[in-house]
Structure formats: structure tokens, C-alpha cells
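The block underneath contains the structure these notes are about, expressed in C-alpha cells.
The values are calculated or read from the model by the stated rules, or taken from the named source; none is laboratory data. What you are looking at is a predicted structure, and each value in this text was computed from that prediction instead of being measured. Here the Cβ is made from the backbone with ideal geometry for all residues, glycine too, and neighbour counts use every protein chain on show.
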């Protein structure tokens, strides 16, 4: 009985010792500071075995048969379009690059390494192709591409030797691009990324690429819209090498969004031009107002020149063609220049009123009778009153001259009587095609009539005053032979002498008063001539002023149409260019 108990105690002690040894051994094997045990970790052993100095060389192309080319598969993803620099002619974009190939030297059996099928390795411990962006602005690759790690997947389970390598890295590429800004800001650009090996031909490296660039993670640009981004594979032969070279050309097509330039440049420029044109050709009553219009035109011209310089700074310097927006600003500058010049011409026309000569007959007829109806310009009431009083209506004068020219030798009265003139004028105005120039009397025309009537009444009153001063005394004169007595005869003789003397004096007075009447008549004629001269001068001044007003209206309508046609034409040309791009695409 005692022996059985001792054996049981001995068994328990042995079991306890074995348990302690297992725990101690497990703890010591899990200690990372134990170098021998750490080397037995499958991942460590795998990295050490496949990259050993005697097994792998990063300087050698990883193929078993050196005569067979190594295929490189490239795929790209566009993340962001950073900048399109027109003056420097380059495009900058953020991309994610993936290069894939098979490394026949990087081989392992997953069963020997705890079934590890994939491993991550630094990029500088294995061979990588010398893929280079040919048309990069930045020459150093480390400034454009950020290399990190690679991923290796074993091909053991596919029954082949080696591993599949995936090389992923981000890049910011700055690529030269010849920008065609002929239709700026409705332009579309096609830029190309040229990718290939710098030292290996097709016999060593054979490049392939996905036909479409991935746009799933693309951040939209506010100014440009990406139309397409495709990759094309080409083979080119060069004089240096007998073997062809494989070139990958990634073509990105971008189209500018013109809304910014239309809202901030084109429409404000058109509005400023319209306001300036309206200021140029608004009727003015004084010459000083028109002189200010010339200053306005010069100021607007300088503003347009500054805007054109600002636009030129954003575009490349080229002499091959003139951009669309440059044509627009050049047209606006020409319009403002011509408008300023015509304002000076109108100012000169308005100044001709000081010479006292009315415009030519054909000018008066076409501008005062025809253009007033076509361009909705009303005749000033004072001018209409003067035409009626002076019997100098342009329509009648032109027809009278036309009849004289058409019928040689025909004699027409210089001025018809007032009543016949009014009746004939009413018939002419009622006839079809005649201008309706004499409007309903206005307060201004009424005041004008009263002023001229006041001057005429003053002349008539002065004439009546002179006539009242001519008085001839009435004396009874009888012959002296009819008296019988001598006393009576002597008395009558003295009376006769007095009568004769009185008649002589009266006759002298009558002659003097007749001279005064002739002087009064000459004075009245001179006053009437002065009044007529004042009316003619007033008519001349009003007609030249009215002619300047009509020209203002004609040029205003003409230039507004030109500005609108220029603006809409520029926009339509841009949209047609984009439509042409769509057809070509």
C-alpha cells in the first residue's frame, strides 16, 4: 500500500517537471531577442533565401533565357489635373502608376515557408525596369515619381518558375504639350505622355498597356473637362538600333470650360463697349458735351488695350495665328476707334452752323425727310415752324429743284403765296411716301410764333407813328379878281400873300415829311430784312444741329448692331469649333 502511494507521488513530480520545461521552452522560443529562433521565422527565411547574394542580382534582367523579351504591363489612373500652363506650354497631373512583370529569378516553394504566397519587398532590393517619361519637363525621376515597395506573388501553384511583380507608385508628371489656342476660350487640347524604356529595345523589354486610363478616382477640374484618356502602343525603328522600340503614348484630351471667360471678360467688355457707344452718339446741345465724348472714347480705348494685354499674358507667344479672343478684342478696339473718329466728324458737322449756310438740298431731303422716318427721329418744333414761315420745307425744295432739272426752261415761282404753299404742303404731306414733319404745335413752337409776331407788330407800330406826323394844313384860297373894293382887294392881297407863304411852308413841310416817310420805309425794310436774316441764321443753326442728331442716331444703331454681331459671332464660332471637335473625336 505504501509502495503504491510512493509511485503515484513520483509520477506527479515527473509530470510537473515536464510541464515546467514546456512552459520555459515556449517562452524562450518566443523571445524575439533570441537570434537563432528568429532566423527560423518563415517570412525572414523567405526573404533571406530568395534575395541571397548567390541567388539574386538586381543588375540582371530576371529571365532564364536572355534572348526572350520580358513583358512589362503598365496601367495608369488619373487622380487630378493640377495645371495647364499656356504660356510655358506644359500640363501637370497627379497619376497612380502600376507596372507588372514576371521575375523568373524570384522563386520559392510556399510549402517550405508556412504557405506564404505573397510578400512585400523594398523597391531597391530587386530588379525594376528603367521605364521613363520621354517628354517630361523634370528630368530627375525621384522628383516626379515616389517609389515605395513592390508586391511579389509566387507562380508555384501555376506550375511555373518565378513570381509575379506588381510595382505601384504615385507620380506627378509635368509633360510638355503644344497647346493650340486658336479658339481660346473654346479650345480643346490633346496632350501625349510618351512612355518607354530608355536603354532597352523590344528584344529586351516589350511594353503593353491597358487601353483606357482609370478615371474612377479622378477629382474634377474647375476649368478643364477631360474628354478622353487612352493609351496606344507603337513600335518605332531608329537609326541607332536594328531592333524596334516599343513606345506607349497616353493621349489625354481636355476641353476648356468657357463660362469663366464669358462671364468675366467677354460679356463685361461688350457691355462697356455698348455703354461707350451710347455715350458717343447721344445727342448733345453744346460742343463741349461732344468734346467730352472724345475723351470718353480715348479712355475706353486705353481700357480695352489693357484688357487685351492681360489676356495676352495668359496665352503663349505665337505668330502662326491669332486666337479667337484676340480677334474679339481687336474688333472691339477697332469699333471704339472708329466711333471716336466719327464723334469728331459729327462735332465738325455741328460746328458748320457758324458759317450761316444750310446743308445741301439732297442732304436736307434724305436726312430730314427719309432718315427721320426710318430711324424714328422727330423734327424739332422750332425748326418745323421756321420751315413753315420761310416756305423752305426740304421736301418741297427738293421736288421743286427736281422739276426744274427734269423740265428744262420751266419757270416756277420762287416762293408761292402763303395760302397756296399751305394747301400744296398739305397735299404733299397727305400723299403717300411724303414725310410727316410738321407736327402738332407745341409750347415751344407757340412761343416762337409769338416772338416773330411781336417783332413784326413793333415794326408796323413804328411805321404808323411816322405816318401820323405828316399833317397838311387846309386853307380856303380864292382869286383876288372876285373882290370889288380896293380896301377889300388890298386886304385880300395881303391874305393871298400869307396863303401863298403858308402853302410854301406847307409844301416844304410836305416834302420834308415825304423824305421822312421814305426813310421810315427804308428803316422798315431793313428791320424786315434783319428779321429774315435772323430767321435764316436760326434755321441754319437748327438744321446743322438736327443733322448731327440724325447722324448720332444712325451711328448709334449701326455700332450697337456691330458690337452685338461681334460678340455673338465670337461665341458661335467657339461653339462651332467645339462641335467640330466632337465630330472629329
_Considering only the range 235-255, I want to know if a residue exists there that is surrounded by 12 or more Cβ atoms within 10 Å (Cβ to Cβ), in contact (Cβ under 8 Å) with a residue 60 or more places away in the chain and within 17 Å of residue 570 (Cα to Cα)._
no
*Just checking, which of 193, 179 is at pLDDT 95 or above and touching a strand residue (DSSP E or B) at 6+ places or on another chain (Cβ under 9 Å)?*
193
*Answer with yes or no whether residue 319 is within 30 Å of residue 90 (Cβ to Cβ) and over 13 Å from the mean Cα position of the chain (by Cα).*
yes
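Which of the following residues is crowded, with 19+ Cβ neighbours inside 10 Å, assigned by TED's automatic domain parsing to the domain that holds residue 96 and closer than 30 Å to residue 580 by Cβ: 187, 210?
187
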*From the list 253, 231, which one is more than 31 Å from the chain's Cα centre (by Cα) and at pLDDT 95 or above?*
231
*the range 158-174, residues that are buried (at least 21 other Cβ atoms within 10 Å of the Cβ) and either in contact with a helix residue (DSSP H, G or I) (Cβ under 8 Å, 6 or more places away or on another chain) or not in a loop (DSSP other than H, G, I, E, B) (or both)*: 163, 165, 167, 173
*Out of all the residues in the range 131-145, which are touching a residue at least 12 places away in the same chain (Cβ under 8 Å) and either loosely packed, with under 12 Cβ neighbours inside 10 Å or not in a loop (DSSP other than H, G, I, E, B) (or both)?*
131, 132, 133, 136, 145
*Please find, among 341, 328, 321, the residue that is modelled with pLDDT of 80 or more and not in a helix (DSSP H, G or I).*
321
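Residues checked against (1) surrounded by fewer than 17 Cβ atoms within 10 Å (Cβ to Cβ); (2) touching a strand residue (DSSP E or B) at 6+ places or on another chain (Cβ under 6 Å):
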site	(1), (2)
67	yes, no
70	no, yes
74	no, yes
93	no, yes
101	no, yes
104	no, no
_Test: residue in the range 307-318 that is within 24 Å of residue 78 (Cβ to Cβ) and in contact with a helix residue (DSSP H, G or I) (Cβ under 7 Å, 6 or more places away or on another chain)_ = no
*asked:* Looking at the range 108-126 only, could you name the residues that are buried (at least 19 other Cβ atoms within 10 Å of the Cβ) and in a loop (DSSP other than H, G, I, E, B)?
replied: 108, 126
*Check off (1) part of a helix (DSSP H, G or I); (2) modelled with pLDDT of 75 or more; (3) more than 20 Å from residue 531 (Cβ to Cβ) for residue 376 and give me the number that stays unchecked.*
(1)
*Exclusive hit being crowded, with 17+ Cβ neighbours inside 10 Å, at pLDDT below 75 and either assigned to a helix (DSSP H, G or I) or touching a strand residue (DSSP E or B) at 6+ places or on another chain (Cβ under 9 Å) (or both), set 401, 364, 353*: 353
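Residue-by-condition table, conditions (1) at pLDDT below 70; (2) within 30 Å of residue 185 (Cα to Cα); (3) in a helix (DSSP H, G or I); (4) in contact with a helix residue (DSSP H, G or I) (Cβ under 9 Å, 6 or more places away or on another chain):
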site	(1), (2), (3), (4)
484	yes, no, no, no
488	yes, no, yes, no
491	yes, no, yes, no
506	yes, no, yes, no
531	no, no, yes, yes
539	no, no, yes, yes
555	no, no, yes, yes
571	no, yes, yes, yes
